[in-house]
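Encoded as structure tokens, the structure appears first; notes follow it.
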Amino acid sequence: MDFCGVDHAAVAMSVGPDLRVHSGDLAFPETRGPALAAVPRPSGLVDAPRRRRSGLVRLMLVHADLFALMLAFFAAERLFGGASAFQGGLTQAGGLFLASLPLWILAIKSAGLYSRDDEVIQHTTLDEAPKLIWIATVGCWAFLVVAWALSITTPELSQLVGFWLLASVLLPAVRVLARSEFQRDVDFPQNTVIVGAGAVGQLLAYKILGHPEYKLRVLGFVDAQPKERRDDLGDLHVLGQPEDLARLVDELSIERVIVAFSNDSHEEVLDLIRLLRDDSVRIDIVPRLFDVLPPTMQSHTVEGIPLLTLPRLRLSAGSRFIKRTFDLVLGTLALFLLLPVIGLIALMIKLDSRGPVFFRQVRVGTGSRTFRMWKFRTMVTDADARKDEVAHLNKHALPGGDPRMFKIKSDPRVTRVGRKLRRYSLDELPQLINVVTGEMSLIGPRPLIVEEDEHIHQWGRKRLLLKPGITGLWQVLGRSAIPFEEMVKLDYLYVTNWSLSGDFRLLLQTVPAALRGERDGAY
């Protein structure tokens, strides 16, 4: 694979075998607008010394883990430890646990859970939860074995299970609180510069600007031959040429450099990478063919040349059974628990406007088979008849729009209650019926209407290997703001890299995404 025009072996020798691969939601749009102009330096909060203090971040996480572990152990001891726990003082088991705390911290450090905030851009506590639960599980058993070996009164089974449950919950929870505290600091985001002001570099900058949770402060670009400038990049400009990068790193306290398809020769790019590796600067490289690279993949080397192996596109009968069981159990439970909410929304719709409560629309499902998808009605009853009347409001009818899509902001056909339902995706709750009946999945590709599906060809049809979902990558990453082509690529990425843990993660991410809502509602 070619990294930004750089020779394989040269990259291998420059970045080393411990290359970390992480991903973002990328696609190739056309750039437009005036050419990027070089400016001497950006204005704003970039003149202070390096603001990112990774050492303090690690220290806060260590303190968070120590607090979570001690709270879990001694709470379990008081709740389930029996009469001996209330005699006052420190028990033998408690003393042994305190003595073992350095080993717990060493285990968490060995799992790489103190450095990810500084290394990986799109990193959350949710990514760490499986490893933290695994460490809590192994740690509990190891503690029991050591206590037995030292002839220390071993905790009762109820106490051990209580400790495991509390540790599994508190370790991630306290980390969330710690991160929310230090990430609120205006000095926390990393000063970042992008090498390459072409289509991919500008797209990457646009996406970073739209996701402040990535905690990156993009200062501008470095490029000798910049492409025409997008009109949605704010005040970002070219800061200089590649030979100016080392100076810019010092002057602007740059902490992360992202190499994104520079037009410079691979020798020049390699020189930049080798030069920057002498400084405390994080370097990210956008690989070519990134559209088909999954977030996780097998990496290996041949004679110093790194190779990335894509997983085969297949979903076994066992995996399909697991996914269907996951959908059926959680879908049925959610439908039962949300019945009062569904009833209340139905009453609000009935009182707000004339017409039926539900709206059923034909969508394209797995294997190109059509089905009728349940939704709450959010428009007036004659919305379809008035489509030509509002066609001029279609955002995609304007220059640069996508003729395959029909999207209207502040659609006049939407009812008052419907606007609120769309904003928070509450109109999609009845789709749980489709999940239970097997026509849809909780997580999956976006369910398209027939007219939209007709525009998807060749490899894009692989998105129909799995059932469409109530939510998915498209919902978590942007909903209506995601262009059609990128939506197809996200669905392809989901289908070709399905995993149960991935579904669970997307399900958890959907909740805050839906609660944030869209300013103008989903449309």
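The numbers here are math on the coordinates, done by the rules we state, and not lab data. Note that the structure is predicted; figures quoted are calculated from it, not measured. Note that we place each Cβ from the backbone using ideal geometry, even for glycine, and neighbour counts take in every protein chain shown.
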**Message:** From the phi angles alone, apply the Karplus equation (6.51, -1.76, 1.60; θ = phi - 60°) to region 186-199 and give each ³J(HN,Hα) in whole Hz, x where the residue is Gly or Pro.
**Reply:** 5, 8, 6, x, 7, 5, 10, 10, 10, 8, x, 10, x, 4
**Asked** How high is the FRET efficiency between residue 126 and residue 268 when r is their beta carbon distance and R₀ equals 30 Å, given to the nearest 0.05?
**Response** 0.15
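Please report the relative contact order for region 54-182, taking Cα pairs under 8 Å with a sequence separation of at least 6, and give it as a percent rounded to a whole number.
Normalised by residue count, the contact order of region 54-182 is 46 percent.
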**Request:** Could you list which residues have their amide H under 5 Å from that of residue 425, counting only those 5 or more apart in sequence or on another chain, with H placed in the peptide plane?
**Result:** 522
**Asked** Which lysines does residue 467 reach when only Cα atoms under 21 Å apart count, and residues fewer than 8 places away in its own chain are ignored?
**Response** 323, 375, 489
**Item:** Residues with amide H under 5 Å from that of residue 358, placed H, sequence gap 5 or more
**Value:** 377
**Request:** Could you let me know the centre-to-centre spacing of region 442-480 and region 186-232, using Cα atoms, in angstrom?
**Result:** 28 Å
**Complete:** Stokes-Einstein, Kirkwood over Cα pairs, region 127-218, 37 °C, 0.692 mPa s; D in µm²/s equals 195 µm²/s
**Complete:** Amide H neighbours of residue 217 at under 5 Å, excluding residues fewer than 5 places away on the same chain, with H built from the backbone geometry, are 190, 191, 192
**Request:** Kindly state, to the nearest 0.05, the FRET efficiency for residue 250 paired with residue 149, given R0 = 51 Å and r defined as their beta-carbon distance.
**Result:** 0.40
**Prompt:** If you rank 274, 413 by fewest surrounding Cβ atoms within 10 Å, what's the result?
**Reply:** 274, 413
**Item:** Quotient of Cα Rg and 2.2 N^0.38 Å for region 54-182, N being how many residues it contains
**Value:** 1.08
**Asked** What ranking, highest mean first, results for peptides 329-340, 484-495, 362-373 when packing means the other Cβ atoms within 10 Å averaged over each residue?
**Response** 484-495, 362-373, 329-340
**Complete:** At q = 0.24, 0.25 Å⁻¹, the log10 of I(q)/I(0) for region 425-501 from a Debye sum over equal Cα scatterers comes to -1.25, -1.33
**Asked** Taking N as the number of residues in region 317-516, what is its alpha-carbon radius of gyration divided by 2.2 N^0.38 Å?
**Response** 1.02
